[in-house]
1. What number comes out for accessible area per residue over the chain if the probe is 1.4 Å? Units Å², please.
2. Contour minus end-to-end for S133 and T59, with contour as 0.36 nm per residue of separation and end-to-end as the Cα-Cα distance?
3. Which FRET efficiency value, to the nearest 0.05, do you get for F21 and M166 by plugging their Cβ-Cβ distance into 1/(1 + (r/R0)^6) with R0 = 45 Å?
4. Work out Dmax and Rg for segment 59-178 from the C-alpha atoms and quote the Rg first, both in angstrom.
5. For the pair N176 and L85, how long in nm is the line joining their label points, each one 7 Å along Cα→Cβ?
6. So between T152 and Y29, what do we pick up on full extension, going 0.36 nm a residue minus the alpha carbon distance?
7. Using the Kirkwood formula on the Cα atoms of segment 12-129, what hydrodynamic radius do you get, in angstrom to one decimal?
8. Full-extension gain between F12 and R117, please, as 0.36 nm times their residue separation minus the C-alpha to C-alpha distance.
Amino acid sequence: LVISTNPTLSFFYYVTKYRRFQNTFEGDYQFSDRFALNAGYRVTNRDVFLSTYFRNVRTNVLEAGGEDVSNTTNSFIGGAKIKPLKNWSIYADTEIGKADNVFTRAGNADFTNYRIRSLMRFDKFAASVSYISRDNEIPTDTSRAVPRITDTQSRTFSATLDWSPMDELTLSGGYNRF
């Protein structure tokens, strides 16, 4: 066991300053009771400042440093509602753009999301069919000359059928494919 005869007394601490601004502008217009559209734009800005302080108590020398990270993302939102018949509705939505990543050293995620859903109601039957597509590319190490990309894709299909012959009884069945 070796004990130092000249110990160094020091204090080390971090101070984090965080600011995030997000705003979504969206407009909806219903042309008739059978057709409507919506479109929008989302912007996000994030600033993170990490301050580091190191003070040697013996020499009273203060060393300060810091890292400042700023990030801005944009995305488009759009959708439609179509009602070809009184008892049939079709919904379609899309979202395309960049998403803010919670990790400061990872890049913004490029994403494309689509969804379409059809709802039909006939007397005591109701049917629903939907499809969702998601594509994401996330740069996971931006400090390299060629960043690593995590590429994820998912496709979901689902369908349901409900039958309500009376108020006290409902039978439902469905299918999901991921």
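1. The answer is 73 Å² per residue.
2. 20.5 nm
3. Efficiency computed from Cβ-Cβ geometry: 0.25.
4. 23.4, 86
5. The answer from the label model is 2.9 nm.
6. Going from the current span to full extension adds 40.9 nm.
7. Result for segment 12-129, one decimal place: 18.5 Å.
8. The F12-R117 span can extend by a further 32.2 nm.
The values are calculated or read from the model by the stated rules, or taken from the named source; none is laboratory data. Model, not experiment: these values are computed from the prediction. When we count neighbours, we look across all protein chains shown, and the Cβ atoms used for this are built from the backbone with ideal geometry, even at glycine. All accessible areas refer to the heavy atoms of the entire protein, side chains included, with ligands and DNA or RNA removed. Shrake-Rupley method; radii C 1.70, N 1.55, O 1.52, S 1.80 Å.
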